[in-house]
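Read the structure below first, then the notes.
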Amino acid sequence: MARRPVAWVGAIVLVAEAIGIALLNWFLGLVVDKQEMSLAGLDPRAMSVSTWVGGIVFGGYLALCALVMARAAARDRAPGGFGRLLLISCAVVHGLLGAFSVGLVGWLAFAFMMVVLGLIVLTLVAYDKKAQQDEGEARRDGAAQNDATRNDAAQNNGAPESGAPQHA
């Protein structure tokens with residue numbers, strides 16, 4: 001299956017999105033600052049700075065999600081507990097942004113958000129199945145190894161295969 005390429009593409013798209021969000025908020029902060037806009041009597045400088053901080057925080061969040069996806073792709077293993085929660089929250093955020101973007105921005109933005117959502121969910125689901133398969137194989141290998149060890153011990157000691165001691 002294409003787990004690794006999907007995770008790599010998802011990581012690249014999330015990095016591009018993080019940069020885009022940071023630049024968009026930087027631009028909006030400049031517009032608020034140059035126009036000296038105010039909302040409910042707030043200081044225009046406070047609004048522009050909070051826009052920049054919001055862009056940095058949200059861009060950092062998306063970059064961290066991209067890092068988790070890239071790490072999963074590089075190791076070909078499912079993300080750990082925190083990474084998994086981070087990617088699940090990122091999927092929820094993209095679902096909500098997609099729903100809001102239909103009315104506010106248009107269908108193209110909605111399609112982009114759904115593609116990113118699909119990449120995140122596919123990464124989570126594909127690596128989850130891989131982890132379950134690996135655990136199942138490890139259990140089968142362990143059970144086969146235990147059976148072989150028991151059989152060897154039974155043959156060496158003259159005991160029956162059930163492992164029960166013989167009474168003389």
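The values are calculated or read from the model by the stated rules, or taken from the named source; none is laboratory data. The shown structure was predicted, so the numbers you read here are calculated from the model rather than taken from an experiment. All Cβ positions, glycine included, derive from the backbone under ideal geometry; neighbour counts span all protein chains shown. The protein model used for the area step is the full one, side chains on, heavy atoms only, and it has no ligands, DNA or RNA in it. Shrake-Rupley method; radii C 1.70, N 1.55, O 1.52, S 1.80 Å.
Summary table
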{"item": "Rounded FRET efficiency, nearest 0.05, which uses the C-beta distance separating residue 2 from residue 27 and R0 of 45 Å", "result": "0.80"}
{"item": "Whole-Hz ³J(HN,Hα) from phi, Karplus 6.51 cos²θ - 1.76 cosθ + 1.60, for the stretch 65-70, glycine and proline x", "result": "4, 5, 5, 5, 5, 5"}
{"item": "Residue 45 accessible area, 1.4 Å probe, all protein chains in place, Å² to nearest 10", "result": "120"}
{"item": "Surface accessible to a 1.4 Å probe, per residue, for the residues of the stretch 1-92, Å²", "result": "59"}
